[in-house]
Amino acid sequence: MEIEANKQINIKDIEALEESYGLSLPEDYKQFLLKYNGGEPDKYLFKDKNLGSLVLNVLYGINIEDSYDELHNVIKVYKDRIPSSFIPIGDDSGGNQFVIGIKGKFKDKIYLWDHNTELEHNKFTENTLPGNMYKLADNFTEFINALEEDKEA
């Protein structure tokens, strides 16, 4: 897989993000950030047996110029909308968020957060999921490895 990467960061940038929000990122996701710092993968289709084909538009990066794709900014935007056990790590072209679990029974797991039904399903606790979240993978590596090329593009 090729990824159009953002400017390189170091471990101190990741530690600053973790400290700012009182979170601990999964190790495989940290390694991805150190190597690519988010970006646009050439393989961007995630096929889910229930949801169909999902298109990963971008993976967010740390300290990048584009505020829409900058991880600090995105975390702030979704702070009160996505359960606190998750942070957004990327989006599709329609505004749905790919999120990663950062604590509890959701730690490491990747979910899709569907913004289209957000208001219908905005009740959640730290241990429950709202009805607009769908598990995609057990960890970031599994998620990235499952991405496919769009053979019809």
Practice task
Select, from 14, 9, 82, 75, the only residue that is in a loop (DSSP other than H, G, I, E, B) and either more than 14 Å from the chain's Cα centre (by Cα) or modelled with pLDDT of 95 or more (or both).
Solution key: 9
Problem - Condition met for residue 9 (surrounded by 14 or more Cβ atoms within 10 Å (Cβ to Cβ) and either closer than 27 Å to residue 104 by Cα or of a type in the set (D, E, K, R) (or both)) - result: no
Completion exercise
For residue 68, the lone unmet condition from (1) modelled with pLDDT under 95; (2) assigned to a loop (DSSP other than H, G, I, E, B) is (2)
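Considering 5, 16, which residue is among the small types (Gly, Ala, Ser), out of contact with any strand residue (DSSP E or B) (no Cβ under 7 Å at 6 or more places or on another chain) and over 18 Å from residue 115 (Cβ atoms)?
Values: 5 fails: out of contact with any strand residue (DSSP E or B) (no Cβ under 7 Å at 6 or more places or on another chain).
Of 5, 16, the one residue that is among the small types (Gly, Ala, Ser), out of contact with any strand residue (DSSP E or B) (no Cβ under 7 Å at 6 or more places or on another chain) and over 18 Å from residue 115 (Cβ atoms) is 16.
Does residue 35 satisfy the criteria of being touching a Phe, Trp or Tyr at 6+ places or on another chain (Cβ under 9 Å) and exposed (fewer than 14 other Cβ atoms within 10 Å of the Cβ)?
On the way: touching a Phe, Trp or Tyr at 6+ places or on another chain (Cβ under 9 Å): no; exposed (fewer than 14 other Cβ atoms within 10 Å of the Cβ): yes.
No.
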Fill in the blank from the handout: Apart from one, (1) over 14 Å from the mean Cα position of the chain (by Cα); (2) at pLDDT 90 or above; (3) in a loop (DSSP other than H, G, I, E, B) all hold for residue 124; the odd one out is (2)
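Condition first: charged (D, E, K, R) and in a loop (DSSP other than H, G, I, E, B). Now tell me which residues in the stretch 21-60 satisfy that. Please lay out each step first, then the result.
Just the residues of the stretch 21-60 that are charged (D, E, K, R), to begin with: 27-28, 30, 35, 40, 42-43, 47-49.
Across the stretch 21-60, the qualifying residues are 42, 43, 49.
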Practice task
Would you point out the residue of the stretch 70-85, among those that are closer than 22 Å to residue 34 by Cα and free of Cβ contacts under 8 Å to residues at least 40 places away in the same chain, that is surrounded by the most Cβ atoms within 10 Å (Cβ to Cβ)?
Solution key: 74
Completion exercise
residue 105 vs (1) over 24 Å from residue 148 (Cα atoms); (2) free of Cβ contacts under 8 Å to residues at least 12 places away in the same chain: all pass except (2)
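The values are calculated or read from the model by the stated rules, or taken from the named source; none is laboratory data. Just so we're clear, the structure is a prediction, and the values are computed from it rather than from any experiment. Note that we place each Cβ from the backbone using ideal geometry, even for glycine, and neighbour counts take in every protein chain shown.
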